[in-house]
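Trainee: This is the structure I have questions about; it appears just below.
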Amino acid sequence: MISFIAWPDDSEYTEFNIFRYVRKPGMPGLVAYQFAYRFDGHAIDAGPLLRELGGAWLEKFGSVDVPVNFAPLKK
């Protein structure tokens, strides 16, 4: 799992991102999941809110198991 914060030069917003890569047993390749939340970059509560929610989002995102069907597509 990778998490990072990004923002443009004008600080119009701040974006919290999580990427999680999962290998499914017996299947080739990886499955990638992404979560992104964009804060108003000028909001005075963005920093405290990110500190409050970021850890919870990481914990939840790390425990979610989304079923993926790798069955071949029918032509």
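Any read-out appearing in this document is the output of simple, stated calculations on the displayed coordinates, not a laboratory observation. Quick caveat, the model's predicted, so the values are computed rather than measured. All Cβ positions, glycine included, derive from the backbone under ideal geometry; neighbour counts span all protein chains shown.
Trainee: Looking at segment 1-30, which of its residues are surrounded by 10 or more Cβ atoms within 10 Å (Cβ to Cβ) and farther than 23 Å from Gly54 by Cβ?
Mentor: Those that are surrounded by 10 or more Cβ atoms within 10 Å (Cβ to Cβ) and farther than 23 Å from Gly54 by Cβ: Arg23, Lys24, Met27, Leu30.
Trainee: For segment 48-75, which residues satisfy the criterion of being under 12 Å from the mean Cα position of the chain (by Cα) and either aromatic (Phe, Trp, Tyr) or in a strand (DSSP E or B) (or both)?
Mentor: The answer is Trp57, Phe61.
Trainee: Also, I was wondering about something else. Restricted to segment 5-30, and to residues that are among the aromatic types (Phe, Trp, Tyr) and under 20 Å from Glu59 (Cα atoms), which residue is nearest to the chain's Cα centre (by Cα)?
Mentor: Phe19
Trainee: Right, here's the next one. Report every pair of residues separated by at least 6 positions or lying on different chains whose Cβ atoms are under 7 Å apart, first residue within segment 37-62 and touching a residue at least 12 places away in the same chain (Cβ under 8 Å), second surrounded by 13 or more Cβ atoms within 10 Å (Cβ to Cβ) and hydroxyl-bearing (Ser, Thr, Tyr).
Mentor: Within 7 Å, the pairs are Arg38/Tyr13; Phe39/Tyr13; Phe39/Thr14; Asp40/Tyr13; Gly41/Tyr13; Gly41/Thr14; Ala46/Thr14; Leu58/Ser3.
Trainee: So, one more: Select from segment 31-47 the residues that are over 17 Å from Glu15 (Cβ atoms) and either surrounded by fewer than 13 Cβ atoms within 10 Å (Cβ to Cβ) or of a type in the set (S, T, N, Q) (or both) and write down the one among them that is nearest to the chain's Cα centre (by Cα).
Mentor: Selected residue: Ala32.
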